[in-house]
Amino acid sequence: MTNTETPTKSLASRLSQYAYSPTASPTRRSTRSTSALTAASPRRNAASASPVTPRTPAKRARRSARRRPRKRPAAPSASPRKKPRPYADPSRYAHLSGLPQILRPGLDAVFCGINPGKKSATTGHHFAHPTNKFWKALHGSGMSARLLVPAEDVTLPDEYNFGMTNLIERPTAEQSELSPLEMRLAVAPFTRRVASHGPRVVCFVGKGIWDIFAGVVGRSAVVAEERGDVSLPNGEVEGDELEDDVKDEAEAEADELDADDDDDVKPDLADEEAATNDPLFLPRDATPKVVRYTLSNGGVKREPPDEAETKPTAAELDGVAGEAAHEPEDTKPTADDLEEMAANDAPSSPLTEVGSPTPPPPPAPPPARAPARRQAPRKPPPFSYDGPQRFRLPLDDAAWPYTYFWVVPNTSGLERTPLAEQIVLFGKLRAFVELLKAGGRPEPPASGFLDIDLAGVGATVASMRDDAIAKGKMAPE
């Protein structure tokens with residue numbers, strides 16, 4: 001009977017030869033012919049035939065020392081800031097409408113933004129972007145009893161006596177799409193709008209808005225005139241007294257500078273008086289005179305000039321020549337006298353007439369004075385969110401005398417001010433409003449209050465507009 005194996009047993013027998021056994025021989029080498037490999041790669045054969053130098057611990061240490069340390073991958077940096085958009089023509093967002101002015105006379109506080117964003121213009125409500133922190137900060141500070149939604153902005157005057165407005169009415173995606181000139185020209189109508197409604201406080205939501213506003217109204221602001229209010233901190237003068245002090249300081253400084261100039265120009269009187277006793281002294285306003293020197297017994301003699309001296313005539317010259325010819329010989333200097341005169345640095349020849357004497361040496365200059373100290377220009381005080389700003393708007397037809405201005409950081413989601421800090425600053429605004437409602441006097445800033453001149457603001461903006469038209473930056477209206 002023929003012994004036949006089933007396919008399963010045949011496969012099992014073939015696989016058994018690969019089974020692991022601790023006493024089995026080492027792993028089988030490949031059955032491929034090594035000659036074929038050698039013929040296919042002669043370089044490998046030559047490398048294997050060359051002697052290999054064993055590595056020693058010293059060599060291994062030197063090689064490890066030469067290895068450069070691996071550079072760690074750089075930590076992921078913070079996301080770069082978004083590049084601001086350039087100026088956008090009004091026609092780009094012409095399809096969006098502005099926001100309504102939520103205003104009425106007698107409001108306690110009016111919140112002012114720079115201009116409506118795309119989301120706010122689309123929905124028709126202020127601070128409507130989901131990432132904006134305005135409504136949360138308003139509720140967290142206690143200025144609203146509950147967390148409001150943007151659609152409830154129209155209820156603010158009735159529920160909380162608050163209002164909403166913007167410096168510029170046209171919407172854009174970003175503030176950078178507005179031109180600086182456009183923002184400055186909007187200050188005049190905005191100030192008139194505030195004066196007509198007369199709120200207690202206007203709160204700018206963003207320091208950039210305040211910088212634009214203050215840069216325009218500050219050109220015509222005047223020192224505060226009180227209406228039963230405190231203008232300057234204790235110990236400072238106010239009104240005309242402040243202007244008089246400034247004038248006195250300016251006049252004193254001018255007198256000091258004039259005195260320094262006089263010292264540099266006028267000579268010392270003592271030196272001038274001593275110089276007049278010198279026969280060789282020539283006053284500055286005097287005309288040069290002829291002085292005659294002659295030799296007498298080996299010395300130099302100066303003859304006083306004649307006041308009415310004129311040019312010598314020919315006869316006089318002949319007489320002088322004759323006298324010189326008949327002069328006794330004992331009056332002429334000898335050789336020994338000339339040598340003695342040369343040793344004493346005396347002139348070795350007779351002096352003749354000179355046109356003008358050598359002027360005396362100038363008096364020694366006065367000692368150098370230290371330059372007068374000039375006061376450095378005053379730096380503006382550091383900006384603070386903790387109190388009212390220094391400009392305020394006088395009101396004529398209101399129950400209170402002034403509108404004060406407050407600033408809180410921008411509540412946009414792109415602004416990095418944390419919500420907790422925003423809530424604290426909104427809480428300080430709430431306390432200030434409560435102080436005004438209770439009839440209290442606000443504490444002025446360190447530099448005192450300045451009153452906004454409404455007519456001066458209008459003139460400043462008109463001048464800016466005329467200048468822009470003259471330079472071709474805007475078309476005439």
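Where residues in region 152-180 are modelled with pLDDT of 95 or more and surrounded by fewer than 19 Cβ atoms within 10 Å (Cβ to Cβ), which of them is farthest from Ala399 (Cα to Cα)?
My answer is Glu152.
For Thr411, indicate whether it is assigned to a loop (DSSP other than H, G, I, E, B) and surrounded by 15 or more Cβ atoms within 10 Å (Cβ to Cβ).
Yes; evaluated as a whole, the condition is true for this residue.
Tell me which residues, restricted to region 121-142, are surrounded by fewer than 16 Cβ atoms within 10 Å (Cβ to Cβ) and in contact with a Phe, Trp or Tyr (Cβ under 9 Å, 6 or more places away or on another chain).
Answer for region 121-142, where residues must be surrounded by fewer than 16 Cβ atoms within 10 Å (Cβ to Cβ) and in contact with a Phe, Trp or Tyr (Cβ under 9 Å, 6 or more places away or on another chain): just Gly142.
Scan (1) crowded, with 16+ Cβ neighbours inside 10 Å; (2) under 29 Å from Lys437 (Cβ atoms); (3) without any contact (Cβ under 8 Å) to a residue 60 or more places away in the chain; (4) hydrophobic (A, V, I, L, M, F, W, C) for the single condition Val149 breaks and write down its number.
Condition not satisfied by Val149: (1).
Report every pair of residues separated by at least 6 positions or lying on different chains whose Cβ atoms are under 9 Å apart, first residue within region 429-450 and among the β-branched types (Val, Ile, Thr), second modelled with pLDDT of 95 or more.
Val433/Asp108; Val433/Ala109; Val433/Met143; Val433/Arg200; Val433/Val201; Val433/Trp406
The values are calculated or read from the model by the stated rules, or taken from the named source; none is laboratory data. Small disclaimer: the values here were computed from a predicted structure and weren't measured. In this analysis, Cβ positions are derived from the backbone assuming ideal geometry, glycine residues included, and neighbour counts consider all displayed protein chains.
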